[in-house]
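K.L.:
Handing you this structure, nothing more for now.
The values are calculated or read from the model by the stated rules, or taken from the named source; none is laboratory data. Here the structure is a predicted model, which is why all the values come from computation and not from measurement. Here the Cβ positions follow ideal geometry from the backbone for every residue, glycine too, while neighbour counts run over all protein chains shown. Accessible surface is based on the protein model in full, side chains and every heavy atom, while ligands, DNA and RNA are left aside. Shrake-Rupley method; radii C 1.70, N 1.55, O 1.52, S 1.80 Å.
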Amino acid sequence: MAAQERELDVVLWGATGFTGRLVAEQLLARHGAAGELRWALAGRNRTKLEALRADLGPQAANLELVLGDGDDEAFLDTLTARARVVCSTVGPYALYGSKLVAACARNATHYCDLTGEVHWMQRMIDAHQKQAEASGARIVPGCGFDSIPSDLGVLFVQREMQARHGVTCPRIKCRATAFSGGASGGTIASMLNLLDEASSDPQVRHILADPYSLNPAGERSGPDGADLATVVWDPDFEAWIAPFVMAAVNCRVVRRSSALLNHPWGREFRYDEATLAGPGPAGWLKAAGVAAGTGAGLVMGAIGPLRRGLSRFLPAPGEGPSLEQREAGRFELRFFGEHPSDARKSLFARVIGDRDPGYGSTAKMLSEAAVCLAQDEQAVEGGFWTPAAAMGEPLLERLQHHAGVTFATDENAA
Ligand SMILES: NC(=O)c1ccc[n+]([C@@H]2O[C@H](COP(=O)([O-])OP(=O)(O)OC[C@H]3O[C@@H](n4cnc5c(N)ncnc54)[C@H](OP(=O)(O)O)[C@@H]3O)[C@@H](O)[C@H]2O)c1
(Lines give C-alpha, C1' and ligand atoms only; values in the text may rest on other atoms or scores of the structure.)
Protein backbone atom coordinates (compact mmCIF):
# COMPACT_ATOMS: atom_id res chain seq x y z
CA MET A 1 0.00 0.00 0.00
CA ALA A 2 1.40 3.46 -0.89
CA ALA A 3 2.49 5.59 2.07
CA GLN A 4 -0.30 8.15 1.39
CA GLU A 5 -3.07 5.58 1.93
CA ARG A 6 -2.10 4.33 5.38
CA GLU A 7 -4.50 4.09 8.32
CA LEU A 8 -2.09 5.90 10.64
CA ASP A 9 0.12 8.92 10.02
CA VAL A 10 2.59 8.25 12.83
CA VAL A 11 3.25 5.22 15.02
CA LEU A 12 5.38 5.97 18.07
CA TRP A 13 7.40 2.78 18.59
CA GLY A 14 8.93 2.48 22.08
CA ALA A 15 6.34 4.80 23.61
CA THR A 16 6.77 3.25 27.06
CA GLY A 17 10.48 4.13 27.34
CA PHE A 18 11.84 7.24 29.03
CA THR A 19 12.15 9.30 25.85
CA GLY A 20 9.17 7.64 24.13
CA ARG A 21 6.89 8.89 26.89
CA LEU A 22 8.13 12.47 26.39
CA VAL A 23 7.53 12.20 22.65
CA ALA A 24 3.99 10.90 23.35
CA GLU A 25 3.34 13.91 25.61
CA GLN A 26 4.61 16.22 22.91
CA LEU A 27 2.53 14.67 20.12
CA LEU A 28 -0.56 14.84 22.31
CA ALA A 29 0.04 18.46 23.30
CA ARG A 30 0.59 19.50 19.67
CA HIS A 31 -1.98 17.35 17.87
CA GLY A 32 -4.45 15.91 20.38
CA ALA A 33 -5.65 12.33 19.94
CA ALA A 34 -8.55 12.84 17.55
CA GLY A 35 -7.28 15.64 15.35
CA GLU A 36 -5.88 15.77 11.86
CA LEU A 37 -2.88 13.63 12.87
CA ARG A 38 -3.81 9.95 13.19
CA TRP A 39 -1.26 8.45 15.53
CA ALA A 40 -0.82 5.49 17.87
CA LEU A 41 1.30 4.33 20.78
CA ALA A 42 3.24 1.12 20.16
CA GLY A 43 5.39 -1.12 22.32
CA ARG A 44 5.94 -4.63 23.58
CA ASN A 45 4.22 -4.48 26.96
CA ARG A 46 0.44 -4.05 27.16
CA THR A 47 0.37 -3.13 30.85
CA LYS A 48 2.94 -0.37 30.34
CA LEU A 49 1.16 0.93 27.23
CA GLU A 50 -2.17 1.09 29.06
CA ALA A 51 -0.53 2.82 32.04
CA LEU A 52 1.09 5.36 29.71
CA ARG A 53 -2.22 6.11 27.98
CA ALA A 54 -3.91 6.57 31.37
CA ASP A 55 -1.10 8.87 32.53
CA LEU A 56 -1.52 10.98 29.40
CA GLY A 57 -5.02 11.85 30.64
CA PRO A 58 -8.59 11.68 29.33
CA GLN A 59 -7.64 13.39 26.08
CA ALA A 60 -5.63 10.28 25.17
CA ALA A 61 -8.34 7.75 26.02
CA ASN A 62 -9.04 6.85 22.39
CA LEU A 63 -5.44 6.59 21.23
CA GLU A 64 -4.83 3.22 19.63
CA LEU A 65 -2.32 0.89 21.31
CA VAL A 66 -0.29 -1.39 19.06
CA LEU A 67 1.34 -4.34 20.78
CA GLY A 68 4.25 -6.41 19.45
CA ASP A 69 7.91 -7.32 19.72
CA GLY A 70 10.75 -5.66 17.83
CA ASP A 71 12.17 -9.08 17.02
CA ASP A 72 9.01 -10.38 15.31
CA GLU A 73 9.31 -9.74 11.56
CA ALA A 74 5.70 -10.66 10.75
CA PHE A 75 4.48 -8.17 13.35
CA LEU A 76 6.85 -5.49 12.03
CA ASP A 77 5.53 -6.00 8.49
CA THR A 78 1.94 -5.52 9.72
CA LEU A 79 2.90 -2.49 11.79
CA THR A 80 4.86 -0.74 9.05
CA ALA A 81 2.23 -1.49 6.39
CA ARG A 82 -0.35 0.43 8.45
CA ALA A 83 1.70 3.60 9.00
CA ARG A 84 3.05 6.45 6.90
CA VAL A 85 5.82 7.06 9.46
CA VAL A 86 7.28 4.98 12.26
CA CYS A 87 9.03 7.10 14.88
CA SER A 88 11.25 4.85 16.99
CA THR A 89 12.65 5.43 20.47
CA VAL A 90 13.60 1.77 20.95
CA GLY A 91 17.32 1.64 21.65
CA PRO A 92 20.15 0.67 21.75
CA TYR A 93 19.31 0.67 18.05
CA ALA A 94 22.18 -1.65 17.16
CA LEU A 95 20.56 -4.25 19.43
CA TYR A 96 16.85 -3.73 18.83
CA GLY A 97 16.40 -1.55 15.75
CA SER A 98 17.61 -3.40 12.64
CA LYS A 99 14.52 -5.47 11.82
CA LEU A 100 12.27 -2.42 12.05
CA VAL A 101 14.43 -0.45 9.61
CA ALA A 102 14.39 -3.41 7.22
CA ALA A 103 10.58 -3.61 7.48
CA CYS A 104 10.22 0.13 6.79
CA ALA A 105 12.46 -0.13 3.72
CA ARG A 106 10.43 -3.14 2.49
CA ASN A 107 7.02 -1.63 3.08
CA ALA A 108 7.55 1.93 1.83
CA THR A 109 7.21 3.37 5.34
CA HIS A 110 9.01 6.55 6.32
CA TYR A 111 11.06 6.31 9.50
CA CYS A 112 12.85 8.53 12.03
CA ASP A 113 14.71 7.79 15.25
CA LEU A 114 17.17 9.03 17.87
CA THR A 115 20.20 6.96 17.13
CA GLY A 116 23.70 8.31 17.50
CA GLU A 117 25.19 4.88 16.77
CA VAL A 118 27.26 5.69 13.68
CA HIS A 119 28.36 2.08 13.07
CA TRP A 120 24.74 0.92 13.07
CA MET A 121 23.67 3.73 10.73
CA GLN A 122 26.37 2.70 8.27
CA ARG A 123 25.31 -0.95 8.53
CA MET A 124 21.69 -0.04 7.85
CA ILE A 125 22.57 2.22 4.91
CA ASP A 126 24.74 -0.45 3.32
CA ALA A 127 22.09 -3.15 3.86
CA HIS A 128 18.86 -1.35 2.92
CA GLN A 129 19.59 1.73 0.80
CA LYS A 130 18.62 0.02 -2.46
CA GLN A 131 15.38 -1.37 -1.04
CA ALA A 132 14.41 2.02 0.43
CA GLU A 133 15.12 3.71 -2.92
CA ALA A 134 12.94 1.14 -4.67
CA SER A 135 10.04 1.29 -2.20
CA GLY A 136 10.10 5.07 -1.62
CA ALA A 137 10.68 4.81 2.16
CA ARG A 138 12.48 7.87 3.52
CA ILE A 139 14.63 6.63 6.41
CA VAL A 140 15.99 9.42 8.60
CA PRO A 141 18.10 8.40 11.61
CA GLY A 142 19.50 10.94 14.07
CA CYS A 143 16.49 13.20 14.70
CA GLY A 144 17.35 14.17 18.29
CA PHE A 145 20.03 16.41 19.77
CA ASP A 146 22.32 14.33 17.66
CA SER A 147 22.13 15.54 15.04
CA ILE A 148 19.31 18.01 14.26
CA PRO A 149 20.79 21.23 15.77
CA SER A 150 24.14 20.69 14.03
CA ASP A 151 22.69 19.54 10.72
CA LEU A 152 20.01 22.25 10.48
CA GLY A 153 22.39 24.82 11.98
CA VAL A 154 24.72 24.34 9.02
CA LEU A 155 21.81 24.70 6.60
CA PHE A 156 20.80 27.93 8.37
CA VAL A 157 24.32 29.41 8.28
CA GLN A 158 24.71 28.58 4.59
CA ARG A 159 21.31 30.13 3.84
CA GLU A 160 22.29 33.33 5.68
CA MET A 161 25.65 33.57 3.91
CA GLN A 162 23.96 33.04 0.55
CA ALA A 163 21.27 35.64 1.28
CA ARG A 164 23.76 38.28 2.45
CA HIS A 165 26.69 37.77 0.12
CA GLY A 166 25.57 35.40 -2.65
CA VAL A 167 28.23 32.82 -1.75
CA THR A 168 28.44 29.75 0.48
CA CYS A 169 30.82 29.04 3.37
CA PRO A 170 33.70 26.71 2.49
CA ARG A 171 34.08 26.03 6.21
CA ILE A 172 31.74 26.02 9.21
CA LYS A 173 32.74 25.53 12.83
CA CYS A 174 30.29 24.57 15.55
CA ARG A 175 31.12 25.22 19.22
CA ALA A 176 29.03 23.87 22.11
CA THR A 177 28.70 26.37 24.95
CA ALA A 178 25.82 26.02 27.41
CA PHE A 179 24.93 22.37 27.69
CA SER A 180 22.96 21.18 30.71
CA GLY A 181 20.82 18.18 31.60
CA GLY A 182 21.45 14.50 32.36
CA ALA A 183 21.50 11.15 30.57
CA SER A 184 18.86 8.40 30.55
CA GLY A 185 19.34 4.67 31.00
CA GLY A 186 18.69 4.07 27.30
CA THR A 187 21.41 6.53 26.30
CA ILE A 188 23.88 4.95 28.73
CA ALA A 189 22.95 1.48 27.42
CA SER A 190 23.52 2.66 23.83
CA MET A 191 26.93 4.14 24.68
CA LEU A 192 27.98 1.01 26.58
CA ASN A 193 26.88 -1.21 23.71
CA LEU A 194 28.82 0.95 21.27
CA LEU A 195 31.95 0.65 23.45
CA ASP A 196 31.40 -3.12 23.75
CA GLU A 197 31.19 -3.48 19.97
CA ALA A 198 34.16 -1.16 19.41
CA SER A 199 36.36 -3.07 21.87
CA SER A 200 35.70 -6.41 20.18
CA ASP A 201 35.38 -5.45 16.50
CA PRO A 202 38.15 -3.61 14.58
CA GLN A 203 35.68 -2.84 11.78
CA VAL A 204 33.52 -0.85 14.24
CA ARG A 205 36.62 1.04 15.45
CA HIS A 206 37.47 1.84 11.85
CA ILE A 207 33.96 3.20 11.18
CA LEU A 208 34.04 5.36 14.31
CA ALA A 209 37.47 6.78 13.44
CA ASP A 210 36.64 7.58 9.81
CA PRO A 211 35.48 11.23 9.50
CA TYR A 212 33.47 10.34 6.38
CA SER A 213 32.08 6.95 7.45
CA LEU A 214 28.47 7.99 6.81
CA ASN A 215 29.08 9.33 3.32
CA PRO A 216 27.76 7.30 0.40
CA ALA A 217 30.13 4.54 -0.73
CA GLY A 218 32.73 5.97 -3.10
CA GLU A 219 32.55 9.37 -1.40
CA ARG A 220 34.13 8.50 1.93
CA SER A 221 36.99 10.98 1.74
CA GLY A 222 37.42 14.74 2.03
CA PRO A 223 39.42 17.54 3.63
CA ASP A 224 38.34 16.99 7.27
CA GLY A 225 40.51 14.97 9.63
CA ALA A 226 39.92 13.34 13.02
CA ASP A 227 37.70 14.98 15.65
CA LEU A 228 39.51 17.29 18.07
CA ALA A 229 41.14 15.32 20.90
CA THR A 230 43.16 18.01 22.71
CA VAL A 231 43.03 21.67 23.79
CA VAL A 232 43.69 24.25 21.05
CA TRP A 233 43.21 27.98 20.53
CA ASP A 234 40.43 28.93 18.12
CA PRO A 235 41.29 32.31 16.55
CA ASP A 236 37.78 32.83 15.13
CA PHE A 237 36.08 32.46 18.51
CA GLU A 238 39.12 33.91 20.31
CA ALA A 239 38.86 31.16 22.90
CA TRP A 240 40.32 27.82 23.94
CA ILE A 241 38.41 24.83 22.66
CA ALA A 242 38.26 21.20 23.79
CA PRO A 243 36.74 17.93 22.47
CA PHE A 244 32.93 17.77 22.19
CA VAL A 245 31.48 14.38 22.91
CA MET A 246 28.77 14.55 20.21
CA ALA A 247 31.21 15.56 17.44
CA ALA A 248 31.78 11.90 16.63
CA VAL A 249 28.18 11.67 15.44
CA ASN A 250 27.24 15.17 14.33
CA CYS A 251 30.28 15.83 12.11
CA ARG A 252 29.66 12.65 10.15
CA VAL A 253 25.97 13.47 9.73
CA VAL A 254 26.73 17.00 8.47
CA ARG A 255 29.31 15.66 6.00
CA ARG A 256 26.75 13.12 4.80
CA SER A 257 24.21 15.93 4.31
CA SER A 258 26.68 17.81 2.15
CA ALA A 259 27.22 14.72 0.00
CA LEU A 260 23.50 13.84 -0.23
CA LEU A 261 22.64 17.39 -1.23
CA ASN A 262 25.20 17.05 -4.02
CA HIS A 263 27.93 19.21 -2.45
CA PRO A 264 26.13 22.57 -2.65
CA TRP A 265 28.93 24.14 -0.53
CA GLY A 266 31.72 22.63 -2.62
CA ARG A 267 33.53 19.31 -2.41
CA GLU A 268 36.14 20.92 -0.15
CA PHE A 269 33.52 21.97 2.44
CA ARG A 270 34.90 21.55 5.98
CA TYR A 271 33.01 21.10 9.24
CA ASP A 272 34.09 20.44 12.82
CA GLU A 273 32.68 20.60 16.34
CA ALA A 274 34.29 21.36 19.71
CA THR A 275 33.45 22.62 23.19
CA LEU A 276 33.99 26.37 23.62
CA ALA A 277 35.83 26.92 26.90
CA GLY A 278 36.69 30.63 26.86
CA PRO A 279 39.73 32.96 26.69
CA GLY A 280 42.68 33.38 29.04
CA PRO A 281 44.05 31.04 31.70
CA ALA A 282 40.54 30.29 33.02
CA GLY A 283 39.45 29.23 29.52
CA TRP A 284 42.52 27.03 29.12
CA LEU A 285 41.92 25.36 32.50
CA LYS A 286 38.28 24.70 31.63
CA ALA A 287 39.27 23.27 28.23
CA ALA A 288 41.92 21.08 29.87
CA GLY A 289 39.30 19.78 32.31
CA VAL A 290 36.91 18.92 29.46
CA ALA A 291 39.69 17.22 27.48
CA ALA A 292 40.86 15.24 30.53
CA GLY A 293 37.28 14.21 31.40
CA THR A 294 36.57 13.08 27.84
CA GLY A 295 39.85 11.17 27.65
CA ALA A 296 39.26 9.49 31.02
CA GLY A 297 35.71 8.55 29.95
CA LEU A 298 37.03 6.95 26.76
CA VAL A 299 39.76 5.03 28.60
CA MET A 300 37.30 3.74 31.23
CA GLY A 301 34.79 2.89 28.51
CA ALA A 302 37.40 0.93 26.58
CA ILE A 303 38.21 -1.37 29.50
CA GLY A 304 35.46 -4.01 29.85
CA PRO A 305 35.49 -4.59 33.64
CA LEU A 306 35.71 -0.82 34.34
CA ARG A 307 32.86 -0.20 31.89
CA ARG A 308 30.65 -2.82 33.51
CA GLY A 309 31.52 -1.60 37.02
CA LEU A 310 30.69 2.00 36.08
CA SER A 311 27.33 1.05 34.58
CA ARG A 312 26.07 -0.03 38.03
CA PHE A 313 26.16 3.59 39.20
CA LEU A 314 24.44 5.03 36.12
CA PRO A 315 20.70 5.31 35.31
CA ALA A 316 19.00 2.04 34.28
CA PRO A 317 16.75 1.66 31.19
CA GLY A 318 13.53 3.60 31.77
CA GLU A 319 15.21 6.16 34.05
CA GLY A 320 16.36 9.67 33.15
CA PRO A 321 16.53 13.33 34.21
CA SER A 322 13.62 14.72 36.25
CA LEU A 323 11.06 17.21 34.95
CA GLU A 324 12.84 19.95 36.93
CA GLN A 325 16.19 19.08 35.34
CA ARG A 326 14.64 19.00 31.87
CA GLU A 327 12.87 22.31 32.29
CA ALA A 328 15.92 24.00 33.81
CA GLY A 329 18.16 22.60 31.07
CA ARG A 330 19.05 24.26 27.78
CA PHE A 331 21.64 24.07 25.04
CA GLU A 332 23.47 26.53 22.87
CA LEU A 333 25.57 25.78 19.83
CA ARG A 334 27.54 28.64 18.28
CA PHE A 335 28.50 28.59 14.62
CA PHE A 336 31.17 30.37 12.62
CA GLY A 337 30.55 30.50 8.87
CA GLU A 338 33.63 31.47 6.90
CA HIS A 339 33.27 33.80 3.90
CA PRO A 340 35.30 32.37 1.00
CA SER A 341 37.35 35.51 0.33
CA ASP A 342 36.59 38.32 2.79
CA ALA A 343 37.06 37.61 6.50
CA ARG A 344 34.99 40.68 7.43
CA LYS A 345 31.94 39.01 5.86
CA SER A 346 32.25 35.76 7.81
CA LEU A 347 29.28 35.34 10.14
CA PHE A 348 28.44 34.02 13.59
CA ALA A 349 25.15 32.31 14.49
CA ARG A 350 23.56 30.36 17.33
CA VAL A 351 21.18 27.45 17.70
CA ILE A 352 19.53 27.58 21.13
CA GLY A 353 17.19 25.03 22.69
CA ASP A 354 14.82 25.96 25.52
CA ARG A 355 15.03 22.59 27.33
CA ASP A 356 17.75 20.09 28.18
CA PRO A 357 19.27 18.78 24.94
CA GLY A 358 18.86 15.02 25.45
CA TYR A 359 15.21 14.75 26.45
CA GLY A 360 13.13 17.94 26.75
CA SER A 361 14.41 19.34 23.44
CA THR A 362 15.01 15.99 21.79
CA ALA A 363 11.39 14.88 22.34
CA LYS A 364 10.16 18.05 20.63
CA MET A 365 12.62 17.74 17.75
CA LEU A 366 11.81 14.08 17.11
CA SER A 367 8.06 14.60 17.17
CA GLU A 368 8.35 17.52 14.72
CA ALA A 369 10.53 15.39 12.44
CA ALA A 370 7.97 12.56 12.48
CA VAL A 371 5.09 14.89 11.63
CA CYS A 372 7.19 16.65 9.01
CA LEU A 373 7.82 13.30 7.31
CA ALA A 374 4.11 12.49 7.49
CA GLN A 375 2.66 15.81 6.37
CA ASP A 376 5.14 18.11 4.61
CA GLU A 377 6.28 18.04 1.01
CA GLN A 378 9.80 16.68 0.68
CA ALA A 379 12.05 17.12 -2.29
CA VAL A 380 13.66 13.72 -1.87
CA GLU A 381 12.63 10.20 -2.83
CA GLY A 382 13.17 6.94 -0.97
CA GLY A 383 16.51 6.17 0.66
CA PHE A 384 18.52 6.90 3.79
CA TRP A 385 18.70 10.60 4.51
CA THR A 386 19.92 13.04 7.11
CA PRO A 387 17.45 15.48 8.75
CA ALA A 388 18.78 18.41 6.68
CA ALA A 389 18.84 16.52 3.39
CA ALA A 390 15.34 15.05 3.81
CA MET A 391 13.42 17.80 5.54
CA GLY A 392 15.56 20.97 5.38
CA GLU A 393 13.51 24.17 5.38
CA PRO A 394 10.13 22.68 6.44
CA LEU A 395 11.76 21.12 9.49
CA LEU A 396 13.62 24.34 10.30
CA GLU A 397 10.30 26.19 10.31
CA ARG A 398 8.70 23.58 12.54
CA LEU A 399 11.59 23.62 15.02
CA GLN A 400 11.46 27.40 15.35
CA HIS A 401 7.69 27.55 15.78
CA HIS A 402 6.93 24.38 17.72
CA ALA A 403 10.07 22.91 19.29
CA GLY A 404 11.57 25.88 21.15
CA VAL A 405 14.71 25.83 18.99
CA THR A 406 15.98 29.23 17.86
CA PHE A 407 18.24 29.72 14.85
CA ALA A 408 19.68 33.24 14.69
CA THR A 409 22.73 35.14 13.51
CA ASP A 410 24.56 36.77 16.41
CA GLU A 411 23.23 40.25 15.77
CA ASN A 412 19.68 38.82 15.90
CA ALA A 413 20.15 36.46 18.84
CA ALA A 414 18.29 37.39 22.02
N1 LIG B 1 20.00 11.39 19.95
C2 LIG B 1 19.58 11.87 21.08
O3 LIG B 1 19.70 13.03 21.31
C4 LIG B 1 18.93 10.93 22.05
C5 LIG B 1 18.24 11.43 23.14
C6 LIG B 1 17.58 10.54 23.99
C7 LIG B 1 17.63 9.18 23.75
N8 LIG B 1 18.35 8.71 22.69
C9 LIG B 1 18.39 7.27 22.37
O10 LIG B 1 17.06 6.78 22.40
C11 LIG B 1 17.06 5.42 22.82
C12 LIG B 1 16.05 5.24 23.93
O13 LIG B 1 16.50 5.87 25.12
P14 LIG B 1 15.59 5.82 26.43
O15 LIG B 1 16.39 6.37 27.53
O16 LIG B 1 14.26 6.37 26.14
O17 LIG B 1 15.50 4.22 26.62
P18 LIG B 1 14.53 3.36 27.56
O19 LIG B 1 13.87 4.20 28.57
O20 LIG B 1 15.32 2.18 28.00
O21 LIG B 1 13.40 2.87 26.52
C22 LIG B 1 13.65 1.89 25.54
C23 LIG B 1 12.34 1.46 24.93
O24 LIG B 1 12.62 0.37 24.05
C25 LIG B 1 11.68 -0.66 24.31
N26 LIG B 1 12.23 -1.96 23.87
C27 LIG B 1 13.42 -2.49 24.18
N28 LIG B 1 13.56 -3.67 23.56
C29 LIG B 1 12.42 -3.87 22.81
C30 LIG B 1 11.96 -4.89 21.94
N31 LIG B 1 12.69 -6.00 21.70
N32 LIG B 1 10.76 -4.75 21.35
C33 LIG B 1 10.01 -3.65 21.59
N34 LIG B 1 10.39 -2.65 22.41
C35 LIG B 1 11.59 -2.78 23.02
C36 LIG B 1 11.43 -0.58 25.80
O37 LIG B 1 10.22 -1.25 26.08
P38 LIG B 1 9.74 -1.50 27.60
O39 LIG B 1 9.21 -0.19 28.10
O40 LIG B 1 8.68 -2.53 27.43
O41 LIG B 1 10.95 -1.98 28.36
C42 LIG B 1 11.30 0.94 25.94
O43 LIG B 1 10.03 1.36 25.52
C44 LIG B 1 18.50 5.11 23.21
O45 LIG B 1 19.12 4.44 22.14
C46 LIG B 1 19.13 6.47 23.41
O47 LIG B 1 20.52 6.47 23.15
C48 LIG B 1 19.00 9.56 21.86
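K.L.:
So how compact is segment 1-136: Cα radius of gyration and Dmax in angstrom?
P.N.:
That works out to 14.4, 44 Å for Rg and Dmax.
K.L.:
List the pairs from Lys48/Lys130; Lys286/Lys345; Lys99/Lys286 whose alpha-carbon separation is above 32 Å, in the order I gave them.
P.N.:
Cα-Cα > 32 Å for Lys48/Lys130; Lys99/Lys286; rest within.
K.L.:
Using a 1.4 angstrom probe, figure out how much accessible area segment 281-367 has per residue, in square angstrom, rounded to the nearest whole.
P.N.:
Result: 51 Å² per residue.
K.L.:
Here's a follow-up. Taking all protein chains in place and a 1.4 Å probe, what share, in percent, of the accessible surface of the chain do carbon and sulfur account for?
P.N.:
The C+S portion of the solvent-accessible surface of the chain is 54 percent.
K.L.:
Calculate the FRET efficiency for Glu133 and Glu393 from the Cβ-Cβ distance with a Förster distance of 25 Å, rounded to the nearest 0.05.
P.N.:
So, using R0 = 25 Å, E works out to roughly 0.65.
K.L.:
Give me the angle, in degrees from 0 to 90, between the Cα long axis of helix 247-260 and the longest principal axis of the Cα atoms of the chain, rounded to the nearest 10.
P.N.:
Computed tilt is about 80 degrees.
K.L.:
For segment 16-117, with every protein chain kept in place, what is the accessible area per residue (1.4 Å probe, Å²)?
P.N.:
40 Å²
K.L.:
Under the definition of Cα pairs under 8 Å and six or more residues apart, what whole-number percent is the relative contact order of the chain?
P.N.:
21 percent
K.L.:
Ignoring ligands, DNA and RNA, what accessible area per residue does segment 126-177 give at 1.4 Å, in Å²?
P.N.:
32 Å²
K.L.:
Please give the length that would be gained between Ala288 and Arg267 if that part of the chain were fully extended, namely 0.36 nm times their separation in residues minus their C-alpha to C-alpha distance (nm, one decimal).
P.N.:
Extra length available between Ala288 and Arg267 comes to 4.2 nm.
K.L.:
For Glu332, what is the net charge nearby, where nearby means another residue's Cβ is under 11 Å from its Cβ and Lys, Arg count +1, Asp, Glu -1?
P.N.:
+3
K.L.:
Next up: Send over the semi-axes of the chain's equivalent ellipsoid, whole angstrom and largest first, taken as the square roots of 5 times the C-alpha gyration tensor eigenvalues.
P.N.:
Working through the eigenvalues yields semi-axes of 33, 24, 22 Å.
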